[in-house]
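Derivation of every value follows stated rules applied to the coordinates shown; laboratory data play no part. All values derive from a computational prediction rather than experimental measurement. So basically every Cβ, Gly included, is an ideal-geometry build from the backbone, and we count neighbours across all protein chains shown.
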Amino acid sequence: MEPTRSCRLIRSSRTYHGKQGFDYAEAISKESVDSQGICMHLLTIPPGKRAKAHLHEQHETAIYMLQGKSAMWYGEKLDQHMEVEEGDFLYIPAGMPHMPYNPSESEPCTALLARTDPNEQESVRLLPELETIWQKQRTSAD
């Protein structure tokens, strides 16, 4: 017998700390509503902070920048760069190394994230070796 399905409203003030190094506002996930193929949450990046280099092994990510401006290093060696402004949409394919950050020293940035995995933290893989390469590239460029 199939479990009872219903629409669910989330009014959450709970957060969780992701492997990537940020706190996420808990919203739609396998844990919260028993979703089968999607998760959605809110991320606010404090001024001047960056995530740990990582990838999502088996799921895609769609992002809408609600407030402020973010930026991201991405690619196999984190050698590509993009800025994401308020009102922009961003797509990150599965398996793409990336390291988002907030370039502002005074303003937070907030984004709505949706992923094609209801347990998105399970397929997050940290890439400390890429952070080392990125740091060396930044040092030699200065």
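A few comments on the model shown:
- Nearest 10 degrees, 0 to 90: helix 128-141 Cα axis against the chain principal axis: 30
- Across the chain, the longest run free of exposed loop sites, meaning GluC sites (Glu not before Pro) lying outside DSSP classes H, G, I, E and B with no more than 13 other Cβ atoms within 10 Å, spans 1-56.
- Across q = 0.13, 0.14 Å⁻¹, region 1-123 modelled as identical point scatterers on its alpha-carbon atoms has Debye log10 I(q)/I(0) values of -0.52, -0.60, in the order of the q list.
- Longest site-free stretch - the chain; sites: trypsin sites (Lys or Arg not before Pro), DSSP loop, at most 12 other Cβ within 10 Å: 78-142
- Residue (of PRO46, THR116, TRP134) at the positive-pole extreme of the chain, dipole from beta-carbon charges: PRO46
- Count of Lys pairs (Cα-Cα under 16 Å; at least 8 positions apart or interchain) in the chain: 6
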